[in-house]
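Take a look at the structure below.
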């Protein structure tokens, strides 16, 4: 893909090579994963029950 | 030297009446705001709002164009003078705009204070819901959402305002603020599942950084409701028009993350100050700004090269690193007085650097600071757990519910976003004005002499002290009327008449 042939600018680059977004396997990574699991357990109770109906009914007029 | 950046945010909230067969958003918005105002008037708060005080439209001219002309075929925004319009004792304006409740914060003199008053606005909306719902039939409920789109192509705004020096050529502002507006979504996008732009399928854009990028069609212009421009030219300073310009920014998202709001206004205030002082040597001129705004929003890798007019490319992060680098030098050379002093300026720079570093190394590590990252982490986690496709309605529902302002339903309140304010200062800011702008004079006069004030707006108060004709007190200087200027005067005066006499109006 042509897009990938990016030319890096001489910006005040912090680090030139960027890590792929592979999940971090460090301890912090595990901790973050556990927190997310807890959060997902917890929100199950508050999520809109009929998602499809809710999304359909959420209609606004344009503003500004 | 760059002017002190007086700042504010105006937010239009999404609104639903749940449990009603028919939901009229204009009526619902009026019910909401009236319920709040009546609740205060009943004495629930010591320093109440001012139900009788209307907004004074005398000096409103949203049709003026900063470029000095109005291109053919553009329509001036309409002013709706007949709808609910309240001025609050914290200096804010709370009103119905189109079909939304809207709250404009008072003028603030630094980014952190804007965050405090933006949260105070949320608290006011939350209290309004409670008050309004007491008046509705059983089973009905008004719910307010702090987002910018209904996911069906209808968008409503969260606008920012920055006081600028009138002598700075508008063209220079456009040139240098454009790359910031295109790339700042990295840390102030509120995130959205899918796209509302024509012909962009979910497979292509399952999730994007910004709520609003889909809705921008022009680079520069006066419109706010159709053909939205990245740089808005509304020229309505609400202050001495010989000296000042108010840059009206419509490109941003409404944020729930305090750090996102702080950085949105803090970095923009710094960039605008650098523009005033001609401190930005390099112009990033994008080949196609409107498309680039979307390209940045659609790219979760944050690595996509963006084409400049000279044929070279740059990434959004590289633009931001360079702006940050210049801002640091700006602070060393010029100081940070324009953004609220050295401590305030250094805090913007510190958080700016820290969030860019997080986004560059591992975006998910910014989940406690940046709305889109927090939302993505939550929704993507749910999607993986339940094996859903990105077009599943449950994910779209979570997207909307992230912005639900009800304390027990809103998802943003549960994802562990970092706080930079305290509950105490936010609560106080629902009734007390900022001390260091003219909002202090407006708010304090409303607290003390609400009965004698018949109308208010950003740059004046109109008093009726009986007998005499109405007396207008102009406030054309946003940095005058502060506590240090008028605090003791207001304290010493026993009546509005005495105040007017001592002011010599």
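The values are calculated or read from the model by the stated rules, or taken from the named source; none is laboratory data. Note that the coordinates shown come from a computational prediction; the quantities given were computed from them, not determined experimentally. Note: ideal-geometry Cβ built from the backbone for every residue, glycine included; neighbour counts use all protein chains shown.
Of all the numbered requirements in (1) within 14 Å of chain A (Cβ to nearest Cβ); (2) in contact with a helix residue (DSSP H, G or I) (Cβ under 6 Å, 6 or more places away or on another chain), residue B:234 misses one, and that requirement is (2).
For region B:385-397, residues that are out of contact with any strand residue (DSSP E or B) (no Cβ under 6 Å at 6 or more places or on another chain) and either more than 10 Å from every other protein chain (Cβ to nearest Cβ) or in contact (Cβ under 8 Å) with a residue 60 or more places away in the chain (or both) total 5. Evaluate the following for residue B:382: is it within 13 Å of chain A (Cβ to nearest Cβ), assigned to a helix (DSSP H, G or I) and in contact with a strand residue (DSSP E or B) (Cβ under 7 Å, 6 or more places away or on another chain)? Taking the combined requirement at face value, the residue does not satisfy it.
Please determine whether any residue of region B:344-356 is at the interface with chain A (Cβ under 10 Å from one of its Cβ atoms), without any contact (Cβ under 8 Å) to a residue 12 or more places away in the chain and surrounded by fewer than 20 Cβ atoms within 10 Å (Cβ to Cβ). No, the conditions are met nowhere in region B:344-356. Residue by residue through region B:148-175, note down the ones that are within 17 Å of residue B:269 (Cβ to Cβ) and within 14 Å of chain A (Cβ to nearest Cβ). Listed by number, the residues that qualify are B:158, B:159, B:160, B:161.
Counting the residues of region B:3-27 that are at pLDDT below 95 and outside any strand (DSSP E or B) gives 9.
Total residues in region B:161-189 satisfying the condition of being in contact (Cβ under 8 Å) with a residue 12 or more places away in the chain, in a loop (DSSP other than H, G, I, E, B) and out of contact with any strand residue (DSSP E or B) (no Cβ under 9 Å at 6 or more places or on another chain): the figure is 1. Quick check on residue B:271: is it more than 16 Å from the chain's Cα centre (by Cα), away from chain A (no Cβ under 13 Å) and within 18 Å of residue B:110 (Cα to Cα)? For residue B:271, the condition - more than 16 Å from the chain's Cα centre (by Cα), away from chain A (no Cβ under 13 Å) and within 18 Å of residue B:110 (Cα to Cα) - is met.
Matching residues to (1) farther than 25 Å from residue B:212 by Cβ; (2) under 22 Å from the mean Cα position of the chain (by Cα); (3) modelled with pLDDT of 95 or more:
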position: B:383; (1), (2), (3): no, no, yes
position: B:391; (1), (2), (3): no, no, yes
position: B:400; (1), (2), (3): no, yes, yes
position: B:403; (1), (2), (3): no, yes, yes
position: B:410; (1), (2), (3): no, yes, yes
position: B:421; (1), (2), (3): no, yes, yes
position: B:432; (1), (2), (3): yes, yes, yes
position: B:439; (1), (2), (3): yes, yes, yes
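Residues that are surrounded by 10 or more Cβ atoms within 10 Å (Cβ to Cβ), touching a strand residue (DSSP E or B) at 6+ places or on another chain (Cβ under 8 Å), within 9 Å of chain B (Cβ to nearest Cβ) and at pLDDT 90 or above are absent from region A:26-38.
Summed over region B:103-115, residues that are part of a strand (DSSP E or B) and crowded, with 24+ Cβ neighbours inside 10 Å total 2. Return yes or no: is residue B:86 at pLDDT 95 or above, touching a strand residue (DSSP E or B) at 6+ places or on another chain (Cβ under 8 Å) and on the phi < 0 side of the Ramachandran plot? Judged against the criteria, residue B:86 is not a match.
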